Amino acid sequence: MWAAAPLLLLLLLLLARLCRRGAARLEPAGRAVLITGCDSGFGHLLALRLHRLGFTVFAGCLSPGGDGARRLQREAGGAGRLRVLRLDVTRARDVRAAKELVLSHLPERGFWGLVNNAGISTFGETGWLPMETYEKFADVNLLGSIRTTLAFLPLLRKYKGRIVFMSSIIAYFTLGNGIYSMTKAAIEKFCDALRLEMKKFGVQVCIIQPGNYACSTKIQPPLSAEEIWSELSEEEKAVYNKEYVQEWANFFNSLLSKGSTNGNEVVNAMVDALTSPAPKARYMVAKLKEKALVFVCAFFPTVVMDSVLSYALSKVKLA
């Protein structure tokens, strides 16, 4: 009996995939979607893609008068189904104002989707970053997504819509950016709870897990050793030295430079999450070696994971 279980599981997965292919996709016209973090990166690309598909798009920007927001309006062809609005997800009044704007401009089929895309990133060893930085990251990457979700839940339940969260494969492991990793791991657990709770309302919750797409977004610019060193406390400077910080910066900046430049791969997954008749709970958009690392971290003992990650970091040595 138990020997047949893997085969049965495989058949069920194949059947689910066939059902996904056979069902009709969503009609975007007359449906509204709010996206956070549209100044650049995935949010910017997604806003344009959804606009072209026929959605009414509310594009939240941290700087609605900035270059990114102006470029977004220009590329969308001016006024119409795409509206740029100020949305700092750490400010409750911005979120309330966004909801009021959406309510006053809802198209005939109502509010279909919320995409929690806004986020920030940096790298550095745990003791290098002050408490204020941890608080800021938690507020933007975790509480910001929760804040917007709670505000729009009544509308999403009413119209049986979709909620999409931007996570990362870094939710499974950390390689020098633990501050970013912790926020993504936390948002995954929030999504897991929300996904189960929303099923009874017909609301579907999806998580997007990109690999290294640093070259496609502005979320993680390179940092120089001088920038890192200048921010260290005197206690940390007494433990580390500039040579180590330089090696560390070189290592991480090298990783960033190897990221994919095709952000549309991630946007494709986001679009599927919003339009598929049977969206996936998780969309991992990553290279094969990145997926392999996730597999090791998720299914192997911690000692194996630590060995793999320690080997990756072994080139950076403290003199």
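The values are calculated or read from the model by the stated rules, or taken from the named source; none is laboratory data. What you are looking at is a predicted structure, and each value in this text was computed from that prediction instead of being measured. A quick note on method: Cβ atoms are made from the backbone with ideal geometry, for glycine too, and the neighbour counts reach across all protein chains shown. These accessible areas exclude ligands, DNA and RNA; they are computed on the full protein's heavy atoms, side chains included. Shrake-Rupley method; radii C 1.70, N 1.55, O 1.52, S 1.80 Å.
Checked against the criterion of being in contact with a Gly (Cβ under 7 Å, 6 or more places away or on another chain) and in a helix (DSSP H, G or I), the stretch 203-213 has no qualifying residue. Here the condition is being at pLDDT 95 or above, closer than 30 Å to Gly144 by Cα, surrounded by fewer than 19 Cβ atoms within 10 Å (Cβ to Cβ) and within 25 Å of the chain's Cα centre (by Cα); of Arg31, Arg71, Arg49, it holds for Arg49 alone.
Number of residues in the stretch 280-319 that are under 19 Å from the mean Cα position of the chain (by Cα), open to solvent by 50 Å² or more (accessible area, probe 1.4 Å) and of a type in the set (D, E, K, R) equals 4.
Pairing residues of the stretch 187-206 that are at positive phi with residues that are open to solvent by 40 Å² or more (accessible area, probe 1.4 Å) and in a loop (DSSP other than H, G, I, E, B), at Cβ distances under 9 Å and at least 6 apart in sequence or on separate chains, gives Gly202/Lys160.
What number of residues in the stretch 54-68 are of a type outside the set (Phe, Trp, Tyr) and surrounded by 24 or more Cβ atoms within 10 Å (Cβ to Cβ)? Break it down stepwise before answering.
Taking the stretch 54-68 first, the residues of a type outside the set (Phe, Trp, Tyr) are 54, 56-57, 59-68.
Subset that is surrounded by 24 or more Cβ atoms within 10 Å (Cβ to Cβ): 56-57, 59-61.
The qualifying residues number 5.
Of all positions in the stretch 156-165, at least one carries a residue that is hydroxyl-bearing (Ser, Thr, Tyr) and in contact with a Lys or Arg (Cβ under 9 Å, 6 or more places away or on another chain).
Take the stretch 111-141 and flag every residue that is part of a loop (DSSP other than H, G, I, E, B) and surrounded by 16 or more Cβ atoms within 10 Å (Cβ to Cβ). Within the stretch 111-141, Asn117, Ala118, Gly119, Ile120, Ser121, Thr122, Phe123, Gly124, Glu125, Leu129 qualify. Comparison of Leu106, Leu101 shows that the only residue that is among the hydrophobic types (A, V, I, L, M, F, W, C), open to solvent by 10 Å² or more (accessible area, probe 1.4 Å) and part of a helix (DSSP H, G or I) is Leu101. Of the residues screened, Arg83 is not one that is out of contact with any strand residue (DSSP E or B) (no Cβ under 6 Å at 6 or more places or on another chain) and more than 17 Å from Thr148 (Cα to Cα). For the stretch 162-178, the criterion of a residue being without any contact (Cβ under 8 Å) to a residue 24 or more places away in the chain, surrounded by fewer than 18 Cβ atoms within 10 Å (Cβ to Cβ) and over 14 Å from the mean Cα position of the chain (by Cα) is satisfied by no position. In contact with a helix residue (DSSP H, G or I) (Cβ under 6 Å, 6 or more places away or on another chain) and closer than 30 Å to Leu26 by Cα: does that describe Pro277? Spelling it out, it is not the case that Pro277 is in contact with a helix residue (DSSP H, G or I) (Cβ under 6 Å, 6 or more places away or on another chain) and closer than 30 Å to Leu26 by Cα.
Would you call Gly54 over 23 Å from Ile179 (Cβ atoms), in contact with a Pro (Cβ under 6 Å, 6 or more places away or on another chain) and small (Gly, Ala, Ser)? Don't jump to the end; show me each part of the working.
Details: over 23 Å from Ile179 (Cβ atoms): yes; in contact with a Pro (Cβ under 6 Å, 6 or more places away or on another chain): yes; small (Gly, Ala, Ser): yes.
Considered against the rule, which asks whether it is over 23 Å from Ile179 (Cβ atoms), in contact with a Pro (Cβ under 6 Å, 6 or more places away or on another chain) and small (Gly, Ala, Ser), Gly54 comes out as yes.
Annotation: Gly144 fulfils all but one of (1) out of contact with any strand residue (DSSP E or B) (no Cβ under 9 Å at 6 or more places or on another chain); (2) surrounded by 22 or more Cβ atoms within 10 Å (Cβ to Cβ); (3) outside any loop (DSSP other than H, G, I, E, B); the unmet one is (1). Only one of the numbered conditions (1) open to solvent by 70 Å² or more (accessible area, probe 1.4 Å); (2) closer than 15 Å to Gly54 by Cβ is violated by Gly80, and that is (1).
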